[in-house]
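Undergrad: Provided herewith is a single structure, encoded as structure tokens, for subsequent inquiry.
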Amino acid sequence: MEARLMNWGTRNWKHRERNPVSAACSVLVLTLLAVALAQERWFWLHGGGCNTSTLGIIQFLGGHFTASSEKHTTFYSSKHELLTNCVTTEIVQQMRMILAFILLTLCCTLFTFVLDTIGVTSRFLKVIRRTAIGSIITVLLCCGICGFCYWITVLLVEWQNTTMPPSSYKVTVRFDIGFYLTAGAGTVAVITTAANSLRRYPPETDDEQGLTENELSPSHSQRESSLQALPSAAPPPPYSP
């Protein structure tokens with residue numbers, strides 16, 4: 001019985017579907033997103049009333065607004081510094097939406113990596129992996145993050161124009177490192193989608209037939225060999241009248 005289970009497990013492991021190209025791309029996506037999340041340079045500001053030139057997503061993981069008696073003046077206490085005239089309540093909400101999208105993207109990419117690495121034998125999981133559903137969701141989430149970033153730049157320009165000091169004549173807001181890392185992660189996720197969806201797979205009937213043939217017990221094979229090894233019966237004596 002033990003030998004039968006070991007034989008079945010070995011043969012079943014050989015029939016697991018893996019995709020090393022897709023798994024390597026998923027690792028790259030995870031790396032890019034992790035680095036982007038840790039970056040404090042997502043937006044570059046110049047010419048407005050903000051007391052810093054760069055803003056990052058990780059700054060808004062915690063923090064709160066401080067009351068101000070002055071008009072068109074905001075104080076936001078982040079983890080490391082006090083941001084003056086940099087953000088509004090709407091901007092902070094969009095920043096936290098990006099943070100939530102990044103965490104969802106990391107979970108989805110990790111799920112895709114696990115499927116591509118260990119291989120799957122379940123028909124349902126095979127369909128998910130072969131159709132690259134996880135990678136497609138990752139691409140859509142990265143596109144959503146880029147859309148939120150554009151929305152934030154519009155809001156930042158409006159607020160910086162409101163708080164612009166008299167000595168300044170133009171407000172400039174640009175994307176920075178974190179945005180481009182996220183866009184790169186979305187591009188790599190497209191390659192991951194192609195590596196899974198464009199790969200040729202055997203039909204389900206061939207997989208089931210191969211698994212059925214490989215799951216034959218050793219006792220059955222030994223029984224057939226023992227029957228073949230039996231000596232053939234002697235021929236009957238010739239007929240005599």
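Undergrad: Rounded to the nearest 0.05, what FRET efficiency is calculated for T187 and R123 with R0 set to 30 Å and r the Cβ-Cβ distance?
TA: Efficiency, rounded to the nearest 0.05: 0.45.
Undergrad: Same structure again: Treating only the Cβ atoms of Lys and Arg (+1) and Asp and Glu (-1) as charged, compute the dipole magnitude of region 51-139 about its Cα centre; round to the nearest 20 debye. Could you put the intermediate results ahead of the total?
TA: Working: 7 positive and 4 negative charges, 110 e Å.
Result for region 51-139 is approximately 520 debye, rounded to the nearest 20.
Undergrad: With a point put 7 Å past each Cα toward its Cβ, work out how far V154 is from E90 in nm, to one decimal.
TA: 0.9 nm
Undergrad: Provide the per residue accessible area, probe 1.4 Å, for region 20-94, rounded to a whole number of square angstrom.
TA: Ligands and nucleic acids excluded, the result is 48 Å² per residue.
Undergrad: Counting only other residues whose beta carbon sits under 13 Å from that of Y180, what net charge do I get with K and R as +1, D and E as -1?
TA: Cβ neighbours under 13 Å give a net charge of +1.
Undergrad: Convert each backbone phi in region 168-181 into a coupling constant with the Karplus relation 6.51 cos²θ - 1.76 cosθ + 1.60 (shift: θ = phi - 60°), then list the ³J(HN,Hα) values in order as whole Hz, x for Gly and Pro.
TA: 9, 10, 8, 9, 10, 10, 10, 6, 10, 4, x, 5, 5, 5
Undergrad: Let me ask something additional. Once the other residues with Cβ under 12 Å from the Cβ of T54 are scored (Lys, Arg +1; Asp, Glu -1), what is the net sum?
TA: Every neighbour counted, the sum reads -1.
Undergrad: Still on this model: Would you mind checking which residues have amide H under 5 Å from F43's amide H? H placed 1.01 Å from N; only 5 or more apart, or other chain.
TA: L55, D176
Undergrad: Once the other residues with Cβ under 12 Å from the Cβ of I128 are scored (Lys, Arg +1; Asp, Glu -1), what is the net sum? Walk me through the numbers before you get to the answer.
TA: Values: positive: R123, K126, R129, R130; negative: E17, D116.
Within the 12 Å Cβ shell, the charges total +2.
Undergrad: Mind giving me the nanometre distance, one decimal, between the label points for F65 and L103, set 7 Å out from Cα along Cα→Cβ?
TA: Inter-label distance under the simple model: 2.2 nm.
The values are calculated or read from the model by the stated rules, or taken from the named source; none is laboratory data. Note that the structure is a prediction, hence the values are computed from the model and not measured. No Cβ is skipped: glycine too gets one built from the backbone with ideal geometry, and neighbour counts run over all protein chains shown. Side chains are part of the model used for accessible areas, which takes the heavy atoms of the whole protein and leaves out ligands, DNA and RNA. Shrake-Rupley method; radii C 1.70, N 1.55, O 1.52, S 1.80 Å.
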